[in-house]
Amino acid sequence: METISKIEKLFTIFNESAEILSKELEDPYIEGLAETGENFFHQAILQEGLSELSKKKLDQLYRSANLSLYTKEEIRKAFQLAILKGLKEGAHPNHQMTPDTVGIFMGYLVNKFFSDWEGRFVLLDLACGTGNLLTAVLNSLEMEEADSYGIDVDELLIRLAYSNANLQEHPVSFFNQDSLQPLFTEPADAVICDLPVGYYPDDAGAEGYELKADKGHSYAHHLLIEQGVKYAKPGAYLFFVVPNQLFESEEAPKLNKFLKEKAFIQGLLQLPLTMFKSEQHAKSILILQKKGDRAAMPKNALLANLPKFSNKAGMQSVMNQLEDWFKENKQNQV
Ligand code: SAM
């Protein structure tokens with residue numbers, strides 16, 4: 001079967017079963033989706049008090065899907081379509097998912113930076129949300145053995161991430177907590193994060209961070225960069241989706257100083273402006289290497305403005321530029 005229609009078929013099953021559960025449980029669709037994800041994984045209807053008719057319909061839907069016929073990427077894409085529908089319904093306006101294209105591109109970058117990697121690999125996503133970015137990266141990894149951690153403060157999103165990872169059979173350890181509190185993860189070889197942008201309301205929690213603001217609330221995205229560096233191994237790479245104005249705010253001098261001391265900036269890749277509501281909301285991918293024995297400053301930082309991901313010729317030209325950069329800086333890699 002053609003991949004698109006395969007994905008659509010699986011989406012329809014996620015969608016219809018989520019609708020049944022959301023109606024029965026009188027919850028928003030997105031919560032019904034998290035419930036159906038768990039049912040799928042456990043091959044059972046876990047909710048109590050459903051009508052016989054709904055149970056029968058769910059049973060039929062679950063039987064009609066044979067996940068073993070799907071690749072992990074197909075499952076991620078089908079689940080992603082259902083999450084998008086749920087997030088669009090507006091029940092939770094603050095919830096955002098990292099777009100597909102960014103996840104796949106980030107996966108490409110992680111692979112390139114770790115192209116010579118051997119042995120066990122530890123990946124950490126400090127704000128994994130729905131798990132879309134994390135599983136897109138996991139699906140593109142070429143390492144044989146990857147252990148990963150996903151953390152998010154939002155209970156619903158982490159349930160979706162958990163279902164998402166289970167459906168794709170990724171053994172991720174998830175933590176539902178504020179990532180700016182002490183973490184229970186092991187030091188990571190790579191940290192990824194589509195950073196939540198804005199103020200961190202917990203001033204007491206920001207104490208102890210070098211990037212804490214001198215006055216008022218600190219920027220959560222600055223503190224998360226510091227936390228990522230802390231929980232990364234020496235020489236680890238960190239990939240952050242950051243606002244384009246990261247180095248322009250009044251707190252930027254402190255951030256610059258911190259980065260100079262602790263890491264080497266490997267690159268800054270601006271995502272296509274067309275992906276965002278306005279230029280003000282536009283983002284880039286910041287790539288760092290934590291200082292350590294095997295770490296070194298690149299000859300030149302990798303700087304590029306990415307074209308629209310659908311612009312094949314433009315993307316090819318940027319890829320060539322990236323390939324040249326990797327060749328030139330290979331000796332700096334792990
Ligand atoms: N990569 C995610 C995905 O693919 O769904 C989306 C990340 S979204 C841009 C930012 C996430 O940061 C949200 O899921 C939000 O709940 C989370 N977040 C915000 N503040 C946090 C904190 N202090 N600790 C942990 N997670 C936090």
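The values are calculated or read from the model by the stated rules, or taken from the named source; none is laboratory data. Note that the structure is a prediction, hence the values are computed from the model and not measured. Ideal geometry is used to build each Cβ from the backbone, glycine not excepted, and the neighbour counts take in all protein chains shown.
For Asn164, all conditions in the list (1) over 23 Å from Phe113 (Cβ atoms); (2) surrounded by fewer than 23 Cβ atoms within 10 Å (Cβ to Cβ) hold save one; what is the number of the exception?
Of the numbered conditions (1) over 23 Å from Phe113 (Cβ atoms); (2) surrounded by fewer than 23 Cβ atoms within 10 Å (Cβ to Cβ), the odd one out for Asn164 is (2).
Within region 191-215, track down each residue that is assigned to a strand (DSSP E or B) and closer than 13 Å to Gln227 by Cα.
Within region 191-215, Val191, Ile192, Cys193 meet the criteria.
Go through (1) more than 12 Å from the ligand (Cβ to nearest atom); (2) closer than 28 Å to Leu302 by Cα; (3) under 15 Å from the mean Cα position of the chain (by Cα) for His170 and report which single condition fails.
(2)
Could you list, in sequence order, all residues of region 21-31 that are in contact (Cβ under 8 Å) with a residue 40 or more places away in the chain and in contact with a Ser or Thr (Cβ under 7 Å, 6 or more places away or on another chain)?
First, the residues of region 21-31 that are in contact (Cβ under 8 Å) with a residue 40 or more places away in the chain: 28-31.
Passing the criteria: Pro28, Tyr29, Glu31.
Residue-by-condition table, conditions (1) surrounded by fewer than 22 Cβ atoms within 10 Å (Cβ to Cβ); (2) in a helix (DSSP H, G or I); (3) of a type in the set (Ser, Thr, Tyr):
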{"position": "His222", "(1), (2), (3)": "no, yes, no"}
{"position": "Lys233", "(1), (2), (3)": "yes, no, no"}
{"position": "Ala236", "(1), (2), (3)": "no, no, no"}
{"position": "Glu261", "(1), (2), (3)": "yes, yes, no"}
{"position": "Phe264", "(1), (2), (3)": "yes, no, no"}
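Could you please find all residues in region 97-116 being over 12 Å from the mean Cα position of the chain (by Cα) and among the aromatic types (Phe, Trp, Tyr)?
Once the filter is applied, which keeps residues that are over 12 Å from the mean Cα position of the chain (by Cα) and among the aromatic types (Phe, Trp, Tyr), region 97-116 yields Tyr108, Phe113, Phe114.
Would you mind stating whether Leu10 is surrounded by 20 or more Cβ atoms within 10 Å (Cβ to Cβ) and at pLDDT 95 or above? Step through it out loud before you land on a result.
Numbers: surrounded by 20 or more Cβ atoms within 10 Å (Cβ to Cβ): yes; at pLDDT 95 or above: yes.
Considered against the rule, which asks whether it is surrounded by 20 or more Cβ atoms within 10 Å (Cβ to Cβ) and at pLDDT 95 or above, Leu10 comes out as yes.
Mind counting the residues in region 209-224 that are more than 10 Å from Glu251 (Cα to Cα) and in contact with a helix residue (DSSP H, G or I) (Cβ under 7 Å, 6 or more places away or on another chain)?
4
Which of the residues belonging to region 126-172 are among the hydroxyl-bearing types (Ser, Thr, Tyr) and part of a loop (DSSP other than H, G, I, E, B)?
The answer is Thr130, and nothing else.
Across region 139-165, what is the number of residues that are more than 12 Å from the ligand (Cβ to nearest atom), of a type in the set (A, V, I, L, M, F, W, C) and within 19 Å of Leu183 (Cβ to Cβ)?
Number of matching residues: 1.
Just give me the residues in region 32-55 being closer than 18 Å to Ile83 by Cα, modelled with pLDDT of 95 or more and among the acidic types (Asp, Glu), in sequence order.
Glu35
Quick check: is even one residue across region 109-129 under 28 Å from Lys277 (Cα atoms) and away from the ligand (no atom under 11 Å from the Cβ)?
Checking region 109-129: at least one residue is under 28 Å from Lys277 (Cα atoms) and away from the ligand (no atom under 11 Å from the Cβ).
Which residue is nearest to Cys193 (Cα to Cα), if the candidates are limited to region 66-107 and must be small (Gly, Ala, Ser) and surrounded by 19 or more Cβ atoms within 10 Å (Cβ to Cβ)?
Across region 66-107, the extreme among qualifying residues is Gly103.
Residue by residue through region 187-233, note down the ones that are under 24 Å from Glu145 (Cβ atoms), within 13 Å of the ligand (Cβ to nearest atom) and among the small types (Gly, Ala, Ser).
Gly228
Counting only residues that are assigned to a loop (DSSP other than H, G, I, E, B) and aromatic (Phe, Trp, Tyr), how many does region 173-190 have?
Selection size over region 173-190: 1.
Which members of region 290-322 meet the condition of being among the charged types (D, E, K, R) and in contact (Cβ under 8 Å) with a residue 12 or more places away in the chain?
Correct list: Lys290, Lys291, Asp293, Arg294, Lys299, Lys308.
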